[in-house]
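Note sheet for the following structure.
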Amino acid sequence: MTAESVLPLATPAYLLNLNEPQRRAVEQLDGPLLVLAGAGTGKTRVLTSRLVHILATRRAWPSQILAVTFTNKAAAQMKDRVGAMIGREVGGEGQSGGPGGGWWLGTFHSLAARILRRHAEHAGLKTNFTILDADDQVRLVKQLLKAEHIDDKRWPARIVTLMIERWKDRGLTPDKVPAGEGGEAANGKAVEIYAQYQERLKTLNAADFGDLLLHNLTIFQTRPDVLAEYHERFKYILVDEYQDTNVSQYLWLRLLAQARKNLCCVGDDDQSIYGWRGAEVGNILRFEKDFPGAQVIRLEENYRSTGHILGAAAGLIAHNRGRLGKTLWTSAGSGDKVQVRAVWDGEAEARWVGEEIETLQRGSSGQKGQALGQMAVLVRAGFQTREFEDRFITLGLKYRVIGGPRFYEREEIRDAVAYLRVTAQPDDDLAFERIVNKPKRGLGDATLQTLHRLARAENISLVAAGRRLVESDELKPQARSSLRRLLDDFARWQMTLTGAAGGDETHVADLAKTILDESGYTAMWQAERTPDAPGRLENLKELIGALEEFGTLTAFLEHISLVMENAEGPPGDMISLMTLHSAKGLEFDTVFLPGWEEGLLPHPRAVEEKGDAGLEEERRLAHVGLTRARRRAYVSFAANRRIHNLWQSSIPSRFVSELASEHVEVHSDAGLWGGSTTGFAEDVDIFVPEHKRVRSTDIRGVAHPFTSTPRKGPERPYDVGTRVFHQKFGYGRVVAAEAGKLDIEFDKAGRKKVMDSFVAPA
Ligand code: ATP
Ligand code: MG
């Protein structure tokens, strides 16, 4: 039998819908393969088609393919696309995926969590371990700092938590952190705190997000038999958005792929936007070295965007120095130019976006109205969504916030989940602490301190300590009986839960309702007279409703930990509002990109902390935003912006001027920046005409359009020592100031005298 005869006689549709290099990337199944290509060139399409091809040629069962994506949303999208191609639904864990169980398609975190559950004992955990959220992490670190008498004003728990996270991103357990890396942090004890933190997590039978991968690495490294099991299982490994993998994810992939080497990664160095979270573009460059003989396929035709959008984006990204450089072209025609608009302030911006959306929705003469689902507003910082949300509510436009203030982060949901967590896993001290006195039951700080003291001394959990305490006279009689009642309640609920697992009729949703009622938690909100109380009760109902979709409590709790990462709203025709970071991999007909101002995009913190590298990452972020657009892109910036309740006058982002000029159309609200469409330097030699390839790397620098138009200076003078930003010289510090003139020591350009109206506070 020849290889071909395995395939159906006619070439299947999923192969016909590919261009030549894409098809090569799909059909080249054996050995390591890297697809390195720009936005919208079909990398994700290649990955899904490849998965389908593996199945169609019967090279592997679904359960033998490890497919990794970055966000839950991307994973859901991939499941949909594969499902559409194979004509049936793609399941998760537990659903049939051939021998050995379900599909292995998901995010790094969800897949690693699944592996860890199977081998928890090798990481010192029990299978029912809890996954902690950011809140819990910080709380735990805070406790440890306190026990070490470290001043948490000087060393906030949040900072120490962040250091721990970064070490985990790099695959470093406490013993592997290079000497001296902790520096002064936490009085020089940062690494020690990290070690204690890991110990505490084990006692709590809990793991944080970083641990999911870190424990996997430890298990794979110390238990060759376990690793061998996964080598045997995963015949093929597929990875999307490879440019954003951090070191620990990278090591995880390398360990899993090292036996068969059937690893296919797709990515784009120009879209790497998670450097701040430990992602390393270097992983892309290292691929060929780590996997000798790796094939590299480049895709150059962009199927997503029209010519002007592509051209504008190419002009922008060409300003980055650290890039591999690539050619992109489209046969889609040039389409509409990118609309650039200057507005007075954030409110005017939201009003304008609202108007544009309504116009698009209505449609114009001969043109069909556009669906809201095909429109997105992509912001740099979370707080920016509020203004749009308000506006959309006023206009009655439906919208969803993706990855925003999420359901599971609401107070009442966290509380309810804490009750469930303790029921599922009595050692979960953090959850127990959260609800021990909520509703108030006379178990205040004093009781809690006693509990803690005993728990620490005996190295047992709070619940276990409580059981001992109620048998003693340590507590006041009232607190003692109250604590006894609570512990008895938990014991009873736990029994019901075990009974339910054993086939009893009691469904976990019913149990959850019982818990919230019997604990007095529901009653607490019913008694509350505040305007938000009814909404909170509705949320609790919603939570119980959600539980019904899950078989087990553990599965539900794990789901919650994982969706917290990036939640999706309800279905329906709605505008999507999200940060640029969450927009990765997505596409919309129309994309609004508000707030392109210095001090917002690029975000000053990124530039402060990482200098040029930070600035380049911000530029990639802007580039990711633009390349989400299929047909229309709107960029806007405001002259005044209220940031954290302070009004600031702002200047347009340098990225605005870096958009290749012939691809943009500039508009301005009356009186702002002269509102001219000129001003863009004419020496830009990129254009992406139809059917023509132009190298985007050929673009030369473009002058800033607005430097010649002095904006109104800020009301206050600049003090010596102030950090400022200047359009031409970049960031610097004021060293002298006199009547409208400043002496500035610039980070890059050295010392210069400049007009104070040409700088902005950085
Ligand atoms: P990003 O870098 O933004 O993640 P990508 O490279 O993953 O982009 P896809 O999302 O796979 O790109 O594809 C972009 C769009 O182009 C999708 O709508 C996809 O269906 C379409 N597309 C990709 N390849 C082809 C093709 N050969 N023919 C027609 N349409 C295609
Ligand atoms: Mg993609």
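What to note about this one:
- Dipole axis of the chain (+1 Lys, Arg; -1 Asp, Glu on Cβ), positive-most option in THR57, LEU172, GLN295: GLN295
- Percent breakdown of C-alpha pair distances by 5 Å bin, ordered from the shortest bin, for the range 346-433: 3, 11, 17, 15, 12, 9, 8, 8, 7, 5, 3, 1, 1, 0
- Only Lys, Arg, Asp and Glu carry charge here, each on its Cβ (+1 for the first two, -1 for the last two); on that basis the range 408-563 has a dipole of about 660 debye about its Cα centre.
- Each principal axis of the chain carries a Cα extent, and these read 83, 83, 58 Å when sorted largest first.
- Zone residues, the range 52-72, relative to LEU29, backbone N less than 18 Å from point 7 Å out along Cα-to-Cβ: 52-68
- Partner lysines whose Cα lies under 23 Å from the Cα of LYS202, excluding those fewer than 8 positions away in the same chain, are identified as LYS126, LYS142, LYS146, LYS168, LYS176, LYS189.
- Of the trypsin sites (Lys or Arg not before Pro) found in the range 149-244, those that fall in a DSSP loop while having at most 10 other beta-carbon atoms within 10 Å are LYS153.
- For the chain, size of Cβ-based charge dipole, Lys and Arg +1, Asp and Glu -1, in debye: 800 debye
- From its DSSP helices (H runs of at least four residues, each -39,500 (n - 2.57)), the chain gives a residue-normalised ellipticity at 222 nm of -13000 deg cm²/dmol.
- The value of relative contact order for the chain, using C-alpha pairs under 8 Å at least six residues apart, is 16 percent.
- For the chain, the antiparallel share of DSSP beta bridges with both residues in that region comes to about 35%.
- Cut-off under 5 Å, modelled amide H: who pairs with LYS398 long-range: ILE575
Read-outs: derived from the displayed coordinates by stated rules, not from any lab. Note that the structure is a prediction, hence the values are computed from the model and not measured. A quick note on method: Cβ atoms are made from the backbone with ideal geometry, for glycine too, and the neighbour counts reach across all protein chains shown.
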